[in-house]
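For reference, the structure is listed below as structure tokens.
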Amino acid sequence: MSYSRRQTLFYLAALPFLTSACGIRALPPVQTEKLLGLQRLPQLRPITVGQSWRHVQRNGFNGEVVREIDELARITDQQIILERSSAGQVLAPEIQTRTGGLLQDPYWDFVQIYDQALTVWPQSLEPGRGTILNTRYRIPDFSYTFWIQTQLRVIAWEKIQVAAGTFTSLHLQRFYRLDHYDFTRISTTRYDDYWFVPEISRWVMRETRGEFRRSGQRLLDAQYEDHFRYELVKMQV
């Protein structure tokens with residue numbers, strides 16, 4: 001089954017759940033404007049020491065604000081470390097290679113540390129093009145590694161307006177299949193949309209969601225992971 005068809009079925013299956021509770025409204029789709037025939041593509045700016053970003057995290061199922069997350073860039077000889085905190089509480093950092101590959105992603109239920117870095121900024125920026133990566137990941141303080149496959153697809157250059165301003169962004173979608181730490185889960189899949197702005201070295205909007213089944217469950221009995229949306233509200237670049 002194709003990525004787009006799976007994604008459509010995911011939303012259709014979730015719709016009754018999202019609208020069942022009185023007064024609860026899911027977040028509307030992200031509003032963007034496709035940019036066709038750009039005369040000059042934005043240039044990627046490497047992350048530098050001291051860059052900072054603040055994102056507001058919202059629950060995609062009911063629209064409520066969960067928290068604000070502050071990120072501050074620190075650079076070592078081999079890695080870019082985005083130190084994260086919320087209301088004074090230290091959170092697990094995001095870790096990248098010096099060339100921007102994703103080594104540690106803290107934006108899921110468990111922090112994922114990859115054996116091979118995930119591509120954040122693909123070499124080909126042509127809409128519809130994509131890359132597939134099979135690798136393994138682990139979670140902190142646990143030595144066993146789990147299989148994971150990611151498929152990154154370029155959607156389009158899009159103009160997007162967020163609280164921090166209006167930006168020219170590259171809309172990318174990443175689809176995951178993975179073995180989960182919870183061994184009672186099977187068929188765990190995840191969807192990750194992000195709008196990356198080259199000039200600020202970071203995404204300004206990101207949505208994460210996923211689904212899974214328990215052993216013996218039918219496909220239509222899928223259970224849903226948290227659905228979150230992150231929006232840039234402040235930055236220092």
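The values are calculated or read from the model by the stated rules, or taken from the named source; none is laboratory data. For clarity, every value in this text was computed on a predicted model and none was experimentally measured. Heads up, the Cβs are rebuilt from the backbone with ideal geometry, glycines too, and the neighbour counts pull from every protein chain shown. Just so you know, the surface numbers come from the protein's heavy atoms only, side chains and all, with ligands and any DNA or RNA stripped out. Shrake-Rupley method; radii C 1.70, N 1.55, O 1.52, S 1.80 Å.
Would you mind telling me which numbered condition in (1) more than 24 Å from P46 (Cβ to Cβ); (2) at pLDDT below 95; (3) not polar (S, T, N, Q) G130 fails?
Status for G130: all satisfied but (1).
Determine which single condition V120 fails, assuming it passes every other condition in (1) at pLDDT 95 or above; (2) surrounded by 19 or more Cβ atoms within 10 Å (Cβ to Cβ).
Among (1) at pLDDT 95 or above; (2) surrounded by 19 or more Cβ atoms within 10 Å (Cβ to Cβ), V120 violates only (1).
Tell me, please, whether a residue that is open to solvent by 70 Å² or more (accessible area, probe 1.4 Å) and farther than 20 Å from T97 by Cα can be found in region 133-142.
There is at least one residue in region 133-142 that is open to solvent by 70 Å² or more (accessible area, probe 1.4 Å) and farther than 20 Å from T97 by Cα.
Can you name the residue in region 78-92 that is assigned to a strand (DSSP E or B) and open to solvent by 30 Å² or more (accessible area, probe 1.4 Å) and, of all such residues, is nearest to L41 (Cα to Cα)?
Q79
Filter the strands (runs of 3 or more DSSP E) completely within region 93-211 down to those with at least 3 residues that are charged (D, E, K, R).
146-162, 185-197
Kindly establish whether T99 is within 27 Å of A156 (Cβ to Cβ), surrounded by 14 or more Cβ atoms within 10 Å (Cβ to Cβ) and of a type in the set (V, I, T).
no
Quick check on my filter: what residues within region 147-164 are surrounded by fewer than 18 Cβ atoms within 10 Å (Cβ to Cβ) and without any contact (Cβ under 8 Å) to a residue 40 or more places away in the chain?
Across region 147-164, the qualifying residues are W147, Q149, I155.
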